[in-house]
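Heads up: the structure comes next, in structure tokens.
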Amino acid sequence: MEVDGEDPPKKPSSSSQLNLPPSMNRPTVSLETQRINRLIGSNHYHSPSKPIYSDRFIPSRSGSNFALFGLEPSPGKEDGPGSYAAMLRAAMFEPDTPEKGDVVTGFSPSRKMFRYKTETQRPVNSFSPLGGAGGDEAPGVSRSPVKPTRNILKSAYKVLDAPALQDDFYLNLVDWSAQNVLAVGLANCVYLWNACTSKVTKLCDIGVDESVCSVSWALRGTHLAIGTSSGTVEIWDALRCKRIRTMEGHRLRVGALAWSSSVLSSGSRDKSILQRDIRCQEDHVSKLTGHKSEVCGLKWSYDNRELASGGNDNKLLVWNQHSTQPVLRYCEHTAAVKAIAWSPHLHGLLASGGGTADRCIRFWNTTTNTSLNCVDTTSQVCNLAWSKNVNELVSTHGYSQNQIIVWKYPTMSKLATLTGHTFRVLYLAVSPDGQTIVTGAGDETLRFWNVFPSPKSQSRESKIGALSFGRTTIR
């Protein structure tokens, strides 16, 4: 069949494609055709008067508030979605590898949106009460190193039997020298115990008609003063075990002694205090009167300018170097004041403790003549002593608990409560290194306790005869 000369088939018109009813005329068909063509080609038709909406939201950087995140928008023309994504990634995450667009003008990669305000380095295996076990810090909280709590042993590490140690609140029968030698008055004898060697030496026997009422070491620790029941004061050379002087002046027993360089103060049941300069031939150079009852506590301040005295008249008096009348009077205690201690850390800070009817530790500023604080200990206060290494003090007690308490000053929070004595803890002395205390009681025992740290808070072994643990006798 010959087809080469055939004309190509004609494309049917739009009108021929419509199945129109016969009633519709041709002009109507032409208008409908135009409208349908518009609908068919709507993908390419845009109305000049109406905006086009989409089902996706693509933000515009021109309307973004970068100041809210601490960011600075880059000036000039936007760089497209790649730059925006790089900025968002750098703001939220630490980039592992540098990529194109990681460095944007005006943006500092070190400023992260999810960064805590305070960054602290934390050691491995440390745990914070505000963080988890993984080491997460609480937002906005700066972690400071936690100081470990000092562990104070609750039991005495050494006990010495002290037969005939008197159960008398008004006596002072134990003192520890700068040479690390403990002096103890037992009945009419004085014994010396060397803390380095645990050797016991009988210093003296003052006679069957006498009894020892007080002992006190001179500052260098070579001479010992002994107060007797007859009112005399004896000075002994501890190295040679020889009495070098006997001083008169009191009519009744001498229960309190205190040294200030070459001056020895003695307090008596006769209500007086005598100042004795051992360089002078006279037995005493001055007499202090102010108490209305027995003097049972005496302590010089560390600068040797003030002397504090406590008496059975419930009074605490302060004297200067030259006065014969008290310069300060404190009458707040309601029982005998035996416990007296000057702070080695703050000038003019004085602590005092009252007896069974009082039970309080009071603090005074003798520079301004003011009362600072009062703490009810709930039991008789027998002794007080400050630590020379840290701002702490220790108190010993009688009725009714017979305990020993270590206090933190000035909060007066209890660091430890030590028990072991079965009688009133009437005697207290501190070792020359300031770490160990010895306590004595009517149960006829001396007990040694490690309560204070060393000057540098190092755990050094104290030179207190550590190899001789257990219970031995002092005579």
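On inspection, V200 fails the criterion of being more than 20 Å from R269 (Cβ to Cβ), surrounded by fewer than 18 Cβ atoms within 10 Å (Cβ to Cβ) and at pLDDT below 95. Only one entry in L224, L239 is surrounded by fewer than 22 Cβ atoms within 10 Å (Cβ to Cβ), among the aliphatic types (A, V, I, L, M) and either under 23 Å from A429 (Cα atoms) or under 39 Å from the mean Cα position of the chain (by Cα) (or both), namely L239.
In region 157-179, of all residues being of a type outside the set (D, E), open to solvent by 30 Å² or more (accessible area, probe 1.4 Å) and part of a loop (DSSP other than H, G, I, E, B), the one that is nearest to V406 (Cα to Cα) corresponds to Y157.
Of the residues making up region 250-269, none is over 19 Å from A308 (Cβ atoms), open to solvent by 20 Å² or more (accessible area, probe 1.4 Å) and in contact with a Leu (Cβ under 6 Å, 6 or more places away or on another chain).
From the list V438, V406, which one is out of contact with any Ser or Thr (no Cβ under 7 Å at 6 or more places or on another chain), surrounded by fewer than 22 Cβ atoms within 10 Å (Cβ to Cβ) and not polar (S, T, N, Q)? Talk me through it step by step, then tell me what you get.
Values: V438 fails: surrounded by fewer than 22 Cβ atoms within 10 Å (Cβ to Cβ).
V406 is the lone residue from the list that is out of contact with any Ser or Thr (no Cβ under 7 Å at 6 or more places or on another chain), surrounded by fewer than 22 Cβ atoms within 10 Å (Cβ to Cβ) and not polar (S, T, N, Q).
For the condition within 28 Å of H347 (Cα to Cα) and either acidic (D, E) or surrounded by 20 or more Cβ atoms within 10 Å (Cβ to Cβ) (or both), D277 qualifies. Checked against (1) free of Cβ contacts under 8 Å to residues at least 12 places away in the same chain; (2) under 24 Å from the mean Cα position of the chain (by Cα), P344 passes all but condition (1). Just one of the listed residues (G398, G440, G434) is modelled with pLDDT of 95 or more and on the phi > 0 side of the Ramachandran plot, and it is G434.
Quick one: which residue in S400, S323, S395 is in a loop (DSSP other than H, G, I, E, B) and either within 21 Å of L171 (Cβ to Cβ) or of a type in the set (K, R) (or both)? Full working, then the answer.
Values: S323 fails: either within 21 Å of L171 (Cβ to Cβ) or of a type in the set (K, R) (or both); S395 fails: in a loop (DSSP other than H, G, I, E, B).
Exactly one of S400, S323, S395 is in a loop (DSSP other than H, G, I, E, B) and either within 21 Å of L171 (Cβ to Cβ) or of a type in the set (K, R) (or both), namely S400.
Taking every residue in region 411-433 that is among the basic types (K, R) and pairing it with any residue that is open to solvent by 70 Å² or more (accessible area, probe 1.4 Å), at least 6 positions away or on another chain, the pairs with Cβ-Cβ distances below 9 Å are K414/K408; R424/Y399.
How many residues does region 228-244 contain that are without any contact (Cβ under 8 Å) to a residue 40 or more places away in the chain and at negative phi? So the count comes out to 11.
Take the conditions touching a strand residue (DSSP E or B) at 6+ places or on another chain (Cβ under 6 Å), modelled with pLDDT of 95 or more and open to solvent by less than 20 Å² (accessible area, probe 1.4 Å) and apply them to G297. Does it pass? Against the criterion (touching a strand residue (DSSP E or B) at 6+ places or on another chain (Cβ under 6 Å), modelled with pLDDT of 95 or more and open to solvent by less than 20 Å² (accessible area, probe 1.4 Å)), G297 qualifies. Restricting to region 300-318, give me the number of residues that are open to solvent by less than 30 Å² (accessible area, probe 1.4 Å) and in a loop (DSSP other than H, G, I, E, B). Count: 2.
The values are calculated or read from the model by the stated rules, or taken from the named source; none is laboratory data. Computed from a prediction, not measured in an experiment: that's the story for all the values here. So basically every Cβ, Gly included, is an ideal-geometry build from the backbone, and we count neighbours across all protein chains shown. Only protein heavy atoms, including side chains, enter the accessible area calculation; ligands, DNA and RNA are left aside. Shrake-Rupley method; radii C 1.70, N 1.55, O 1.52, S 1.80 Å.
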